[in-house]
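**Student:** My questions all concern the structure below.
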Amino acid sequence: MKRRKFIQNASLSSLALVSSSSLIACENKNTDSNDAIVGDLPVPTLPLVVATWNVPNATAAAWKALEEGKSALDAVEAGCRVEEADVKNQSVGKGGLPDRDGNVTLDACIMNKDGDYGAVVYLKDIVHPISVARKVMEKTPHVLMAGEGARQFAISEGHPMENLLTKSSKKAWEEWQKTSEYKPVINIENHDTIGMLAIDKNGDLAGACTTSGLAYKMAGRVGDSPIIGSGLFVDNEIGAATATGLGEEVLKTVGSFLIVELMRQGKSPQAACEEAIRRIVTKNKNHKDFQVGYIAVNKKGEVGAYSIHEWFSFMRYQDSKNENIKSEFFLKTQ
Ligand code: ASP
């Protein structure tokens, strides 16, 4: 395939805006527009997996699949399943924090290298929404299934039903009920929605996103995570992006699609993530009250990340190294 020229005219801002020195190296290696930099830095290597937040076990599972020669699609599903099954992660799958009525409802989506997409929203009682989303994509004529229909489909595909509300999430919900104050939570501990992007040994991309949504949301609320172009977008010719944080803001700006389109126009993944955050903060003067974070990869394996607030981090598994990297953030520049 013809190699695309990614213009990195923002190399200075990339240098200034990425905190980890290893990420700085990654952002600027193989820069087509600057031979001096290209000569000095190693070429990004594949395969590659990145994920929102500090989820080393999830990226390790995805990396293992990639190392075994499996597809990027298999890898992101395997990675997301790790967090969905982890009851300590209160933002994803079993153990997720419930809505204000005490129901744990899950949203997830997945995209493959051919631009196919599958998603579930408002799914109850099923631990692995990401695998149900994949089955929606592969086994139905539809792309998005909701609520009871999605649950019945999952059961018919052999997914067992389980109570997803763990003791500790129930306790947290009961505590919240004392005030019932509804404010979006900026960062829940150090993890949240899992958005994962991978490039396999063939150079093909896939992405997945899985969440229990905002804690104590209104019953029926659906966020960005399962919505194509908002919580996730993959274009195998260009790159992929995924989001975490206040879904309403990501939905209004169609953030992940925007990032991929900006990369198509020549922006680096870093510059594209920064622009998508800028769209949100310029439209919403209350942006200090909520968090949004994006990660992106381009076809070459270059990585970008940016958030509104501090403390957003992401995993990058590349060159056999599984690293958690702190993202740069908009409010630092204010
Ligand atoms: N983006 C998710 C949602 O709005 C929540 C999160 O990432 O914390 O449902």
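**Student:** How compact is region 241-334 by the rule of thumb for globular proteins, expressed as Cα Rg over 2.2 N^0.38 Å?
**Tutor:** Relative to the 2.2 N^0.38 Å estimate, region 241-334 comes out at 1.03.
**Student:** Hey, another quick one. Given charges of +1 on the Cβ of Lys and Arg and -1 on the Cβ of Asp and Glu, with all other atoms neutral, how large is the dipole of region 55-196 about its Cα centre, in debye to the nearest 20?
**Tutor:** 220
**Student:** Once neighbouring chains are kept in place and the probe is 1.4 Å, which whole percent of the accessible area of region 197-334 is contributed by carbon and sulfur?
**Tutor:** 49
**Student:** May I ask you to list the aspartates and glutamates whose Cα is less than 13 Å away from that of Lys64, ignoring any residue fewer than eight positions away on the same chain?
**Tutor:** List returned: Asp74, Glu77, Asp200, Asp319.
**Student:** For the pairs Lys178/Lys217; Lys139/Lys171; Lys88/Lys326; Lys88/Lys267, note any where the Cα-Cα span goes beyond 27 Å.
**Tutor:** Distance filter (> 27 Å) returns Lys139/Lys171; Lys88/Lys267.
**Student:** Let me ask you something else. Between Thr140 and Trp176, what FRET efficiency comes out of the Förster formula 1/(1 + (r/R0)^6) with R0 = 56 Å and r the beta carbon distance, rounded to 0.05?
**Tutor:** 0.95
**Student:** Could you give the spread of the C-alpha atoms of region 172-295 along their three principal axes, from largest to smallest, in whole angstroms?
**Tutor:** Answer, in whole Å and largest first: 52, 32, 25 Å.
The values are calculated or read from the model by the stated rules, or taken from the named source; none is laboratory data. These figures come from a predicted structure and were not determined experimentally. When we count neighbours, we look across all protein chains shown, and the Cβ atoms used for this are built from the backbone with ideal geometry, even at glycine. Ligands, DNA and RNA are excluded from the accessible area calculation, which covers all protein heavy atoms including side chains. Shrake-Rupley method; radii C 1.70, N 1.55, O 1.52, S 1.80 Å.
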